[in-house]
Amino acid sequence: MLTTQQLQAIKKLQKECETQDNLQLKLNWDMLENRESNQLDFLHYEKDELVAFLGLYSFGSTVEVCGMVKPSERRKGQFRLLFKKGMETAKQNGYKKILLNAPAGSHVAKAFLNKQGAVYAFSEHQMEWQESSLETVEGLTLRKANVDDLDMRVRLSVEAFGMAKEDALSVESLFDREGDTDMLMIDVNEKTVGKIRVKRKDRQAWIYGFSILPEHQGKGIGRKVLRRVIKDQSSDGYSVHLEVETKNDHALGLYEAVGFKAVHSQDYYTYQL
């Protein structure tokens, strides 16, 4: 696990990079702060100062990779060294899919990824709800998931997101260890038809993993669920945020229709070892 000093150094470097480049890095802090080992994090220091960082984030057989370099220390080879170590670890761990993550506005990151032979796969938008009036929602129930819901949660990840069953089970187990998070099941007419995960931190509520069984899509359930979650979280004093891939145009349109607006974007690239 990362030490308090290491975490502070990573936060300091992140802030410097984001300020200098006017962008937002996605470092998955919930995972960084709860590592069970330090085998997936790579740090490079110069004169006791952290100048480069690379993190691997495992989701079943897929691993996401994100990193950064102190602006004044770029083009000196430190990050290339960390990237090489990270890819060696990814190979040793047997990950089947490697996704490299970079802020959409970072030309430096894109140049590095293109040089490595990475191929653009998709973009992801971070969206924020713009405050507006919401109608009262009826006709569905949101309840906290229990142990009996695990099979349905896995089924939803498989059918709605196209995940392998083994990966879905691994990811759901990971979510259960997160703090400040509610995994909510969506019931309509006493039948479970979907799930949505809400994480609260620093007065922000983030929506993740929102999915409806294919046979129940197109019935207006998704819009009702979003309105209910937004109303509940905003009433409790939280701003409401979510992430969505641009290749999912239907989901993007749904979120925009209930008042979400894109504020940051991340590009994902596939990489072959």
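Things worth noting here:
- Filtered residues of region 103-122 (kept if in contact with a Phe, Trp or Tyr (Cβ under 7 Å, 6 or more places away or on another chain) and closer than 24 Å to ILE207 by Cα): ALA121, PHE122
- Considering the conditions (1) under 22 Å from GLU124 (Cβ atoms); (2) under 18 Å from the mean Cα position of the chain (by Cα); (3) not hydrophobic (A, V, I, L, M, F, W, C), ARG35 is excluded by exactly one of them, (1).
- Residue identified as closer than 17 Å to ILE10 by Cβ and charged (D, E, K, R) among GLU73, GLU88, GLU124: GLU73
- Meets criteria (under 28 Å from TYR271 (Cβ atoms) and among the small types (Gly, Ala, Ser)) for ALA111: yes
- Within region 85-92, none of the residues are among the basic types (Lys, Arg) and within 19 Å of ASP21 (Cα to Cα).
- Selected residue (only one of SER123, SER133 is out of contact with any Leu (no Cβ under 6 Å at 6 or more places or on another chain), outside the structural domain of GLU243 (by TED's automatic domain parsing), of a type in the set (Ser, Thr, Tyr) and over 26 Å from LYS47 (Cβ atoms)): SER123
- One residue stands out among those in region 129-141 that are surrounded by 16 or more Cβ atoms within 10 Å (Cβ to Cβ) and under 29 Å from SER265 (Cβ atoms): the one that is nearest to the chain's Cα centre (by Cα), which is TRP129.
- Whichever residue in region 175-201 is of a type in the set (Asp, Glu) and at pLDDT below 90 and, among such residues, is nearest to ASP30 (Cα to Cα): GLU178
- Pairing each residue of region 201-229 that is touching a residue at least 24 places away in the same chain (Cβ under 8 Å) and at positive phi with any residue that is assigned to a loop (DSSP other than H, G, I, E, B) and surrounded by 15 or more Cβ atoms within 10 Å (Cβ to Cβ), provided the two are 6+ apart or on different chains, yields C-beta distances under 7 Å for ARG203/TYR238.
- Condition check for HIS125: within 15 Å of the chain's Cα centre (by Cα) and touching a residue at least 12 places away in the same chain (Cβ under 8 Å): yes
- Candidates ALA118, ALA145, filtered to the one that is surrounded by 14 or more Cβ atoms within 10 Å (Cβ to Cβ) and over 30 Å from GLU18 (Cα atoms): ALA145
The values are calculated or read from the model by the stated rules, or taken from the named source; none is laboratory data. No experiment lies behind these values; they were computed from the predicted model shown. When we count neighbours, we look across all protein chains shown, and the Cβ atoms used for this are built from the backbone with ideal geometry, even at glycine.
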